[in-house]
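Here is the structure we will look at.
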Amino acid sequence: MEILLAKEYGFCFGVKRAVKTVEETAVTAGEPVYTLGPIVHNDEVVAQMQNLGVWAKNAIDEIDAGTVIIRAHGVPPETLDAARDKGLRIVDGTCPLVIKVQQLARALHDEGYQVVIYGKPQHPEVVGIAGWAGEGAVIVQNLDEALALPRSKKIGVVSQTTSILADYQQVIGALMGKCQELRAHNTICNATAQRQAAAVETAQQVDVMLVIGEAHSSNSRRLAEVCAQVNPRTYRIATAEGLEAAWFAGAEKVGITAGASTPDTTIERVIAWLTNLHESALI
Ligand code: F3S
């Protein structure tokens with residue numbers, strides 16, 4: 001059995017950086033360390049962080065003292081103010097590309113644009129960007145919501161970094177008809193698009209395609225969807241424990257990709273399981 005890894009998979013640059021920040025801070029802080037929310041949507045990584053003595057808390061209110069690490073999604077400025085007011089030390093793990101979106105949203109606000117953020121309203125990254133964009137910013141999550149917005153003289157728009165470009169372009173087109181002046185920034189990070197393109201390319205070449213990522217990781221679910229469109233023998237699993245030997249009956253080539261929150265250790269265990277299955281079949 002041949003195993004093909006997609007050209008791009010697993011942790012993106014921003015997540016790698018945030019995880020490294022937690023690992024380094026755990027060693028050097030010399031005081032309790034917390035992350036604001038889980039550092040990534042992956043139970044194994046969260047458990048690894050707990051082994052280092054780093055616990056995830058949902059709000060600044062839940063932390064009395066020590067160091068708080070901001071994850072890659074970023075937070076609104078009010079959250080940073082609340083942490084400072086409590087005397088907490090802040091280590092900022094916000095992805096630099098997300099910081100750029102926050103800064104663009106703030107600049108649009110300061111220049112008098114009606115700020116529109118394209119993204120999912122509940123997503124922590126969008127909540128953070130909206131905080132930086134200040135009062136009056138609106139979030140739209142689809143074309144219909146963009147079409148329903150009232151007219152403004154000047155509209156400035158940014159997107160959640162993980163949006164799909166074609167959908168964002170449609171929203172921009174709708175906003176064009178709502179104002180005299182439109183300023184749209186392309187703030188989509190290509191890590192997501194690159195992973196999807198690489199996953200599809202691999203799925204097309206194999207008998208069975210595996211997507212490693214947890215059910216609550218939206219980018220992992222999306223990877224599984226795009227792979228299933230080109231290869232019906234696509235399976236999403238959270239860990240090697242979810243694998244079933246029957247999936248691989250007659251398969252000569254197996255492809256692997258992984259969501260942006262899946263650690264290398266999980267991927268290595270899946271590869272080891274497949275290697276073991278192959279070797280047992282040869283005995
Ligand atoms: Fe940053 Fe892009 Fe990852 S914005 S957190 S590198 S998906």
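How high is the relative contact order of the chain, given as a whole-number percent (alpha carbon pairs under 8 Å, six or more residues apart)?
Relative CO of the chain lands at 21 percent.
Taking the chain as a Gaussian network, Cα atoms linked when under 10 Å apart, which of Ala258, Ala272, Ala224 shows the biggest mean-square fluctuation?
Ala272
By how many degrees, 0 to 90 and rounded to 10, does the Cα axis of helix 165-176 deviate from the longest principal axis of the chain?
So the helix axis and the longest Cα principal axis differ by about 20 degrees.
Against the longest principal axis of the chain, how steep is helix 124-133, in degrees 0 to 90 to the nearest 10, with axes from Cα atoms?
20
Tell me the GluC sites (Glu not before Pro) within the range 180-283 that lie in a loop according to DSSP and have at most 16 other beta-carbon atoms within 10 Å.
Filter output for the range 180-283: Glu244, Glu252.
Can you pull the semi-axes for the chain, root of five times each eigenvalue of the Cα gyration tensor, sorted largest first, whole Å?
37, 28, 12
Show that you can apply the helix-only estimate: for the chain, add -39,500 (n - 2.57) for every DSSP H stretch of four or more residues, divide by all residues, and state [θ] at 222 nm to the nearest 500.
Roughly -13500 deg cm²/dmol at 222 nm, from the helical runs in the chain.
Filter Lys20/Lys100; Lys16/Lys57; Lys86/Lys153; Lys7/Lys178; Lys20/Lys154; Lys20/Lys120 down to the pairs with a C-alpha to C-alpha distance above 31 Å, please.
Lys86/Lys153; Lys7/Lys178; Lys20/Lys154
Given 10 °C and 1.306 mPa s, how large is the Stokes-Einstein diffusion coefficient of the range 1-123 in µm²/s, with Rh as the Kirkwood radius over Cα pairs?
It comes out at roughly 99 µm²/s.
Once both labels are modelled 7 Å past Cα along the beta-carbon direction, what's the Glu241-His185 spacing in nm?
Placing both labels 7 Å beyond Cα along the Cβ direction yields 4.2 nm.
Taking the Cα-to-Cβ direction at Glu23 and at Ala251 and moving 7 Å from each Cα, how far apart do the two end points lie in nm?
Rounded to a tenth, the inter-label distance reads 2.9 nm.
Rank Met1, Cys179, Ala228 by how far each Cα sits towards the positive end of the charge dipole of the chain (+1 on Lys, Arg Cβ; -1 on Asp, Glu Cβ) and give me just the farthest.
With unit charges placed on the Cβ atoms, the residue in question is Cys179.
Which trypsin sites (Lys or Arg not before Pro) from the range 1-58 combine a DSSP loop assignment with at most 10 other Cβ atoms within 10 Å?
When the trypsin sites (Lys or Arg not before Pro) of the range 1-58 are filtered for loop state and at most 10 Cβ neighbours within 10 Å, nothing remains.
Where a number appears in this text, it was derived from the coordinates with a stated rule and is not lab data. Just so it is clear, the structure is predicted and the values come from calculations on it, not from any experiment. We place every Cβ from the backbone using ideal geometry, glycine too, and count neighbours over all the protein chains shown.
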